[in-house]
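Engineer: Quick one: the structure is below, and I'll ask about it shortly.
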Amino acid sequence: MAADSHGKEWFMGMAFSRALALVLLTGLIGCASPASDDQSVADGPEKTLSPEAQAFQEQCDDNIARLEQGLVTLENLAPPFTVDSVLNPLNDFQILLYDSASRTGLYEAVHPDADLRDVAGKCTAAYSDIGTRLSLSRPLYEAVAAVDVGSAEPDTQRFHHVTLQGFRLSGVDRDKKTREKIRALNDRITKLGQAFDKNILEDVRYIEVSPQELEGLPEDYIAGKPVGENGKVRISTRYVDTIPVYTYAHSDELRRELRQQDRSRAYPENEQILEDLLSARHELAQTLGFDTFADLVTADKMTGSAGRAQSFIDDFHDLVQPAARRDLDRLLAELKTLDPDATQVERWQAMFLEERIRREQYDVDAAKMRQYFPYRKVRDGLFDLVSHLFGVTIRPWDTDTWHPAVEAYEMYEGDKLIARFYMDMHPREGKYQHAAAFSTQVGIRDRQLPISTLVCNFAGGNNPDDVMEFSEVRTFLHEFGHLLHALFGGQQRWAALSGIATEWDFAEAPSQMLEEWMYDKATLQSFAINAEGEPIPDDLVERLDAARQFGEGLTGNLQIFYSALSLTYHNQDPATFDLMDRMLELEAHYSPMPHQDDTYFYANLGHLNGYSAIYYTYMWSKVIALDLFSEFAEQGLRNRELAQRYRKAILEPGGSKPAATLIEDFLGRPYSMAAFARSLGVSPAGAGPVE
Ligand SMILES: [Zn+2]
C-alpha cells in the first residue's frame, strides 16, 4: 500500500509487488545477492515433518536438483548460438524455475500446515538464489548476446532484448574485478535494506493518555483499551491504533502526539543506515555506468530515466495543486467550526477533518453500506461482469486445494479452456494478511495453461449472509484486475514475457482501472443487493462517487511529495546533502501542509528500501489507468466490443511489447494526463502528454 494512505486504500501496490517481486527476482531482472553453497532445504534428521510437508520437501529437492542440472547445461552451451540452441533451453529452464518458485511462494503465504510453510520458505530462498545465479552467469550472457534475432518473430526479439538488458543492468558484461565489486555492493545494499526495514518494523512506540482523551473514537475501539493501574490507556503506533485515532479522535493533542511518535519511528537508528544505503546504491550505479541510482533503476521502466520521472512528478504536482488547495480550503472551513481562530490545517488534523466532511456532507456511512455486499453476491456479480465484457465463462473446477475454504475455477472461451484460478478469500490462522494476486503457473501457448491465485482476507467464509466492506469490494476488483492481466496475458511463447510481465510502472494500471466499475450504477446494482432483495439505492451510489472525489487532490499532492522524496534522495550524490535538510526543502515545495516538528519521516518510510527511487510508480499507474478508462467512460462501461479490444491490445500481449506501445495500440495515441486532470476537476488544457 502507498504510505500514509490517508485513511483509505489507494492501491494494493505493495501487496501485489510482493507476488511480482518473486517473479522478477527469479527472472533476469533484479539485484544480486551472494550465492549460497547450501542448496538443501532439509532441516536435519531430528525434526519430524508432517507427511504433507515431507512430500513437499522431496518435490522441492527434486526441482532444485533439476534446476541445478539445468544451470550447468545453460552455462556450457556450445556454438552455434541460435534461438533453438540458447533461447529455447533458457525458456524451458525459466518455466521450471517460475513454476517452482511461484508454487512455493504461494504455499509459504497460505498453506494451513505450518511445517509446510516453513519448508516452502526455505525452498523459496533456494529458488531465488538459483534465479540470482542465472542472472549473473557470464557464459550464459555471452551465449545469449551471440544469438542473432534479426529475422526472428517480434516477441522473440523482445525476449532477447529484455534478457540482455537484465544481464547488463546486473553488470554481467563487466570484467571480473568489476563484477566482484558489484556483487559486494549488492550484498551490502541487501543487508542495509533489511536492517532499515527491521528497525521500522520493530520500533513500535506507545503513548499513555487519560481515557477522556478517547472521545470520538468508536465504542468497540474504546472497549478494547483497558485502563491501566496508573489510570491511563496505552496507544501504539500500529495501524490498528493510528488509523482510528487520526480519523476519529476529537483530541487535537492526542492526534498530534501520536503522529509525532509515529513519524519518529526508527530514528535515529535509520539515519546512518539510510545514508549508507544511498551511498552504496550511488556507487553501484556509477560502477554500472549511470550518473545516479535513480537513472539505473528507471532504465527498464516506462519512464526510462530519472529526468523523465522528475518531469512527471512536476507535471503531476502542477495539476494536483489547485485541487489540493480546494480540498484544503474545505478542511480549513471545517476546522474553523471547531476553532474559529484556526489559520491553517496541520498534518495531524487532515484525516479527522476529512472524515467529518464525508459524514456530514456526503452521508456515506460505511456501516449502512455493508448490507448490500454479501460476499457471494459480490463474487458472482464480478464473474458476471467479466463474462459479459470479455465473452468468457467461469465454471467451478473440480480439483484438490490446500484448504477446504479455497475456491477453484476454470475460464472458458466458447468450448476452449483458456485459464484456471484459485480464490483463497477469507482469513485464517497463519495465512498471509493482505490482498494479492499470486502467479501459480506461467501460461505458455500450446503447452500449459496460465494459473493464478487471488489471496484476500474478506468476511464471508462460513455464512452466506456475511457481508463485505465497500473498501473490500474495491480491493476485490483491484486484485481481480491483476488476475485477468495474468490469465489473458498467459498465452505467450516465452515465460519471461507471459502474464504480468510488463514494466513495473505499468503493472498497477489494469488493476486500478477495474476499480472504476465500482462506481458504475448498472454494475453495482446488478449485484449489490441486501437480504430484503433491495439493490443499493441510486442516491447512495451518487454520494459514493462524489465522496471519493473529495480529498483526491490532497491525497495526490501528498503522494507526489513522497515520490519527489524517493526520487531526489536517489538522484544526487548522497555525500552532497543532509537527509533532513533535503526533506524539508522538498516538503516546502511539494507538500500541501507544513512539516510537523520533531518528526523524521525519512527514517520510517519503508518504501525507501523496497521502492528506492520509484515511489512515483503509484501515481504513474494511476494516471495511465484513468487514461485507459476514459475510453470506457466515453463508449460505455458495458461495451463488449471495446472490452475485447482492450483485452487484445493491453492484456493479451503480456510483456511481449513495451507498455507504451500497448497503450498506444489501444488508445490510438500516446498516453496523456488529460483524463487524470478531468478526474480532479482541473481543466485538461494544461495536461499534455506524460513526459
Ligand atoms: Zn495492485
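The values are calculated or read from the model by the stated rules, or taken from the named source; none is laboratory data. Here the structure is a predicted model, which means the values were calculated and not measured. Backbone-built Cβ (ideal geometry, glycine too); neighbour counts: all protein chains shown.
Engineer: Can you pull out the residues in segment 630-646 that are assigned to a helix (DSSP H, G or I) and basic (K, R)?
Structural biologist: The answer is R640, R645.
Engineer: Identify, from the list I207, I200, I222, the residue that is more than 30 Å from A143 (Cα to Cα) and touching a strand residue (DSSP E or B) at 6+ places or on another chain (Cβ under 8 Å).
Structural biologist: After ruling out the rest, the residue left standing is I207.
Engineer: Sticking with this structure for a sec: Among the residues of segment 283-308, what is the count of those that are assigned to a helix (DSSP H, G or I) and either over 19 Å from Y615 (Cα atoms) or not hydroxyl-bearing (S, T, Y) (or both)?
Structural biologist: Matching residues across segment 283-308 total 13.
Residues are listed down the side, and each one gets a yes or a no for (1) within 29 Å of T237 (Cβ to Cβ); (2) within 28 Å of the chain's Cα centre (by Cα):
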site: L288; (1), (2): no, yes
site: A299; (1), (2): no, yes
site: I313; (1), (2): yes, yes
site: D329; (1), (2): no, no
site: T337; (1), (2): no, no
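Engineer: Tell me, yes or no, whether segment 547-565 has at least one residue that is under 22 Å from R308 (Cα atoms), within 16 Å of the ligand (Cβ to nearest atom) and buried (at least 22 other Cβ atoms within 10 Å of the Cβ).
Structural biologist: Scanning segment 547-565, I find at least one residue that is under 22 Å from R308 (Cα atoms), within 16 Å of the ligand (Cβ to nearest atom) and buried (at least 22 other Cβ atoms within 10 Å of the Cβ), so the answer is yes.
Engineer: Just checking, how many residues over segment 613-627 are within 14 Å of the chain's Cα centre (by Cα) and either within 19 Å of R582 (Cα to Cα) or of a type in the set (D, E, K, R) (or both)?
Structural biologist: The qualifying residues number 4.
Residue by residue, here is whether (1) assigned to a helix (DSSP H, G or I); (2) surrounded by 18 or more Cβ atoms within 10 Å (Cβ to Cβ) holds:
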| site | (1), (2) |
| --- | --- |
| S311 | yes, no |
| A323 | yes, yes |
| L328 | yes, yes |
| L332 | yes, no |
| K336 | yes, no |
| Q344 | no, no |
| W348 | yes, yes |
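Engineer: What number goes with the only condition from (1) of a type in the set (G, A, S); (2) within 20 Å of H482 (Cβ to Cβ); (3) part of a helix (DSSP H, G or I) that A675 does not pass?
Structural biologist: (2)
Engineer: Pull up segment 402-435, narrow it to residues that are among the acidic types (D, E), within 28 Å of the chain's Cα centre (by Cα) and assigned to a strand (DSSP E or B), then point me to the one that is surrounded by the fewest Cβ atoms within 10 Å (Cβ to Cβ). Quick ask: steps written out before the conclusion?
Structural biologist: Within segment 402-435, the first condition is being among the acidic types (D, E), and the residues that meet it are 407, 410, 413, 415, 424, 429.
Checking the rest, the ones that are also within 28 Å of the chain's Cα centre (by Cα) come to 407, 410, 424, 429.
Filter once more, so that each one left must be assigned to a strand (DSSP E or B): 407, 410, 424.
Numbers: E407: 14, E410: 18, D424: 25.
Residue satisfying both the conditions and the ranking: E407.
Engineer: If Q572 satisfies all but one of (1) in a helix (DSSP H, G or I); (2) out of contact with any Pro (no Cβ under 8 Å at 6 or more places or on another chain); (3) surrounded by 15 or more Cβ atoms within 10 Å (Cβ to Cβ); (4) not assigned by TED's automatic domain parsing to the domain that holds L389, what's the number of the condition it fails?
Structural biologist: (1)
Engineer: Check segment 148-161 and report whether any residue there is more than 24 Å from N76 (Cβ to Cβ), modelled with pLDDT under 95 and in a helix (DSSP H, G or I).
Structural biologist: Checking segment 148-161: not a single residue is more than 24 Å from N76 (Cβ to Cβ), modelled with pLDDT under 95 and in a helix (DSSP H, G or I).
Engineer: Got a number for residues in segment 484-512 being in a loop (DSSP other than H, G, I, E, B), within 16 Å of the ligand (Cβ to nearest atom) and within 14 Å of Q441 (Cα to Cα)?
Structural biologist: So the answer is 4.
Engineer: In this structure, is E479 within 15 Å of the ligand (Cβ to nearest atom), in contact (Cβ under 8 Å) with a residue 40 or more places away in the chain and not assigned by TED's automatic domain parsing to the domain that holds N88?
Structural biologist: On the way: within 15 Å of the ligand (Cβ to nearest atom): yes; in contact (Cβ under 8 Å) with a residue 40 or more places away in the chain: yes; not assigned by TED's automatic domain parsing to the domain that holds N88: yes.
It is true that E479 is within 15 Å of the ligand (Cβ to nearest atom), in contact (Cβ under 8 Å) with a residue 40 or more places away in the chain and not assigned by TED's automatic domain parsing to the domain that holds N88.
Engineer: Applying the selection to segment 135-164, what residues are in contact (Cβ under 8 Å) with a residue 40 or more places away in the chain and polar (S, T, N, Q)?
Structural biologist: S135, S137, T156, T163
Engineer: With the structure loaded, tell me whether P510 is over 30 Å from D276 (Cα atoms), touching a residue at least 60 places away in the same chain (Cβ under 8 Å) and over 21 Å from the mean Cα position of the chain (by Cα) or whether it fails that test.
Structural biologist: Against the criterion (over 30 Å from D276 (Cα atoms), touching a residue at least 60 places away in the same chain (Cβ under 8 Å) and over 21 Å from the mean Cα position of the chain (by Cα)), P510 does not qualify.
Engineer: Restrict the check to segment 446-453 and report whether at least one residue is within 16 Å of the ligand (Cβ to nearest atom) and modelled with pLDDT of 95 or more.
Structural biologist: We begin by selecting, within segment 446-453, every residue within 16 Å of the ligand (Cβ to nearest atom); these are 452-453.
Still in the running and modelled with pLDDT of 95 or more: 452-453.
For segment 446-453, residues within 16 Å of the ligand (Cβ to nearest atom) and modelled with pLDDT of 95 or more: present.
Engineer: Continuing with this model, one more query. For segment 391-401, does any single residue satisfy the condition of being farther than 30 Å from L544 by Cβ, touching a Lys or Arg at 6+ places or on another chain (Cβ under 9 Å) and surrounded by 18 or more Cβ atoms within 10 Å (Cβ to Cβ)?
Structural biologist: no
Engineer: Does segment 122-138 contain at least one residue that is of a type outside the set (A, V, I, L, M), more than 30 Å from A55 (Cα to Cα) and either modelled with pLDDT of 95 or more or in a helix (DSSP H, G or I) (or both)?
Structural biologist: Yes - at least one qualifying residue is present in segment 122-138.
Engineer: Identify the residue in segment 46-84 that is in a helix (DSSP H, G or I) and either touching an Asp or Glu at 6+ places or on another chain (Cβ under 7 Å) or not assigned by TED's automatic domain parsing to the domain that holds L116 (or both) and, among all such residues, is surrounded by the fewest Cβ atoms within 10 Å (Cβ to Cβ).
Structural biologist: E52
Engineer: Does A419 qualify as being within 16 Å of the ligand (Cβ to nearest atom) and within 28 Å of N639 (Cα to Cα)? Give the steps one after another, and end with the answer.
Structural biologist: On the way: within 16 Å of the ligand (Cβ to nearest atom): no; within 28 Å of N639 (Cα to Cα): yes.
It is false that A419 is within 16 Å of the ligand (Cβ to nearest atom) and within 28 Å of N639 (Cα to Cα).
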